[in-house]
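Student: First the structure, which I've put down as structure tokens, then a few questions once you've had a look.
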Amino acid sequence: MPQHTVRSLLKVDAFIDGNWIPSEQRFSVYNPANGELIAEVCDADPALAERAIDAAYKALGPWQAKTAKERAELMRAWYQAIVANKQALGELMSREQGKPIAEAVGEIEYGASFIDWFAGEAERHHGEVLARSAADKRSWISKQGIGVCTAITPWNFPNAMITRKVAPALAAGCTIVVKPAQLTPLSALALMQLAAEVGIPQGVINMLPSSQAKAIGKVLTEHPRVRKFTFTGSTEVGKQLMAQCSSGMKKVSMELGGNAPFIIFDDADLDLAIEQLLAAKFRNAGQTCISVNRVLVHDSIISEVEQRLLRALAELQVGPGDKEGIDYGPLINQAAIDKAQKLQQQAVDAGAKVLCGGDVLHQLGPLFYAPTLITAVTPTMAISQEEIFAPILALQQFNSEAEALELANATPFGLAGYFCSSDYRRIARVAEQLQCGMLGINAGAISHAYNAFGGVKESGIGVEGSSLGLAEYQVTKTITLGGFE
Ligand code: ADP
């Protein structure tokens, strides 16, 4: 198994048809913890995107012709190479993205788990033999890889958002072209180095770092050879890209924004509720699409919850990702800081109160935001309606189960939801009525390769992971064979 260092995994060119392709035009990648330049990366243009799609198209036939076992074995070799190099991959990710190294290594394991899982699914998937509809005929449904796929991924999970798409594509017998986020292309390119080393064939996976998101996006969504497009990012961009896919009737899956409620009922186990709330809120400094956005607390326990959260937030350690023992690192860029401050200020102007934090931790650097607790938030404030994507806990109150449900569902989004209760009847009622694709009950960490990750309403279409994830990269073909006596 090749053993790498961060340095030997640092790749700066596009990866097309198994080759590293440099370009004159380059863009810079910085460390958000200290502003240092990490690398100047190939800035792929639309012509390179077309070349990548051609490579994926050329690789498609031979990849589909492999047996399921051959594909699964190559995927498992890739999985093992990633796990064997998780420390170096984690350090590289922490450097470009800012999350603590331990959390980054955790993401590498999580990301790799999708490759392992879908290697298994590649071997298990099957079609269906149908009941005989006529004496002289036999019919069955076959499931086949859809063809060339394209993907655009975000910066908050620079590894896992890629493997969650590439793994099911490969398992289904598809080839793929990915444009990673401009802010975090290095984790994506390091994955390509390992894929090449373990023998994933040329052209099966192609990686296009680029600062020209819109122009590349146009090629990836409109090119006639592309059959499926998959995206993780904001709802606004997702809608535009889905519209672009419609001209070629391409299959889409979309993992978009959320506005997760976390309801604490008066019968909740508060020790557990606070622990799970912190896990769901402060991972990646609040920059995940399933981060808690609105904490809804029953009137009768609001003071108790505030006091407990104040004590817990005072304990959180903030610092650069390579410092031992930190809970979270910097936000990704100045725009993220500006947005957090604007949402907070608007809330305060409308009557909310900051109980702790609320500022940039200047002694650490311009992108570090203090653990923040805001209370007396109302549903009409922008902080309740938009994704905060920062380490800010925003507390609202309710006084009945019906009100909690109404508040929780009053959003066009429906990605994750959470609630805490010890009453099994309430658990069953609320679980049925919350409008979300993923629900944590007395649980704040809900992602796993076995679970179906996906949203309802404007949070997306389709799922990633689980036994359902493979179908997103397949087409069904009903075959009828005649001529029987
Ligand atoms: P966020 O940056 O909040 O994660 P975005 O939706 O802006 O969400 O970005 C997610 C991904 O979409 C990134 O890879 C980004 O480069 C890409 N992207 C942003 N705007 C466009 C666009 N108009 N067309 C294609 N891709 C885009």
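The values are calculated or read from the model by the stated rules, or taken from the named source; none is laboratory data. Note that this is a predicted model, so its numbers are computed, not measured. When we count neighbours, we look across all protein chains shown, and the Cβ atoms used for this are built from the backbone with ideal geometry, even at glycine.
Student: Conditions first: (1) touching a residue at least 24 places away in the same chain (Cβ under 8 Å); (2) farther than 27 Å from Lys143 by Cα. Ile441 passes all but one, so which condition is the exception?
Tutor: Only one criterion is unmet by Ile441, namely (1).
Student: Only strands (runs of 3 or more DSSP E) wholly contained in region 218-310 count here; list those with 3 or more residues that are within 11 Å of the ligand (Cβ to nearest atom) and buried (at least 21 other Cβ atoms within 10 Å of the Cβ).
Tutor: So the answer is 226-232.
Student: Follow-up. Failed condition for Ser211, given (1) surrounded by fewer than 21 Cβ atoms within 10 Å (Cβ to Cβ); (2) more than 10 Å from the ligand (Cβ to nearest atom), with all others met?
Tutor: Failing condition for Ser211: (2).
Student: Condition first: within 10 Å of the ligand (Cβ to nearest atom) and not aliphatic (A, V, I, L, M). Now tell me which residues in region 164-186 satisfy that.
Tutor: Result: Lys179, Pro180, Gln182, Thr184, Pro185.
Student: On the basis of being at pLDDT 95 or above, part of a strand (DSSP E or B) and out of contact with any Asp or Glu (no Cβ under 9 Å at 6 or more places or on another chain), does Ser139 make the cut?
Tutor: Taking the combined requirement at face value, the residue satisfies it.
Student: When only residues in region 142-163 that are away from the ligand (no atom under 16 Å from the Cβ) and part of a loop (DSSP other than H, G, I, E, B) count, which is surrounded by the most Cβ atoms within 10 Å (Cβ to Cβ)?
Tutor: Checked region 142-163; the qualifying residue surrounded by the most Cβ atoms within 10 Å (Cβ to Cβ) is Gly147.
Student: Give the residues of region 383-415 that are acidic (Asp, Glu) and free of Cβ contacts under 8 Å to residues at least 40 places away in the same chain, sorted by residue number.
Tutor: Glu403, Glu406
Student: Let me ask something else. If you go through region 266-281 one residue at a time, how many are within 13 Å of Leu309 (Cβ to Cβ) and in contact with a helix residue (DSSP H, G or I) (Cβ under 9 Å, 6 or more places away or on another chain)?
Tutor: Of the residues in that region, 7 qualify.
Student: Ok, one more. Can you tell me how many residues within region 164-195 are without any contact (Cβ under 8 Å) to a residue 60 or more places away in the chain and assigned to a loop (DSSP other than H, G, I, E, B)?
Tutor: Residues that pass the stated criteria total 2.
Student: Still on this structure, I have one more. Which of (1) in contact with a helix residue (DSSP H, G or I) (Cβ under 7 Å, 6 or more places away or on another chain); (2) away from the ligand (no atom under 16 Å from the Cβ); (3) assigned to a loop (DSSP other than H, G, I, E, B) does Ala104 not meet, given it meets every other one?
Tutor: Against the list (1) in contact with a helix residue (DSSP H, G or I) (Cβ under 7 Å, 6 or more places away or on another chain); (2) away from the ligand (no atom under 16 Å from the Cβ); (3) assigned to a loop (DSSP other than H, G, I, E, B), Ala104 comes up short only on (3).
Student: Do any residues in region 332-349 that are within 22 Å of Gly319 (Cβ to Cβ) have Cβ atoms under 8 Å from those of residues that are assigned to a helix (DSSP H, G or I) and hydrophobic (A, V, I, L, M, F, W, C), where the two are at least six apart or on different chains, and which pairs are they?
Tutor: If the second residue must be assigned to a helix (DSSP H, G or I) and hydrophobic (A, V, I, L, M, F, W, C), the pairs left are Gln344/Ile383.
Student: Can we say Ile332 is surrounded by 14 or more Cβ atoms within 10 Å (Cβ to Cβ), in contact with a Phe, Trp or Tyr (Cβ under 7 Å, 6 or more places away or on another chain) and not in a strand (DSSP E or B)?
Tutor: For Ile332, the condition - surrounded by 14 or more Cβ atoms within 10 Å (Cβ to Cβ), in contact with a Phe, Trp or Tyr (Cβ under 7 Å, 6 or more places away or on another chain) and not in a strand (DSSP E or B) - is met.
Condition check ((1) in contact with a strand residue (DSSP E or B) (Cβ under 6 Å, 6 or more places away or on another chain); (2) more than 17 Å from Leu296 (Cβ to Cβ); (3) among the small types (Gly, Ala, Ser)) across all residues:
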residue	(1), (2), (3)
Ala410	no, no, yes
Tyr418	yes, no, no
Arg425	no, yes, no
Ala428	no, yes, yes
Leu439	yes, no, no
His448	no, yes, no
Asn451	no, yes, no
Ser459	yes, yes, yes
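Student: Yes or no: region 196-215 includes at least one residue that is in a strand (DSSP E or B) and in contact with a Gly (Cβ under 8 Å, 6 or more places away or on another chain).
Tutor: Within region 196-215 (the criterion being in a strand (DSSP E or B) and in contact with a Gly (Cβ under 8 Å, 6 or more places away or on another chain)), the answer is no, since none of the residues qualifies.
Student: If the requirement is being closer than 30 Å to Ala445 by Cβ and over 22 Å from the mean Cα position of the chain (by Cα), which of these qualifies: Ala68, Ala52, Ala88, Ala77?
Tutor: Just a single option satisfies the conditions, and that option is Ala77.
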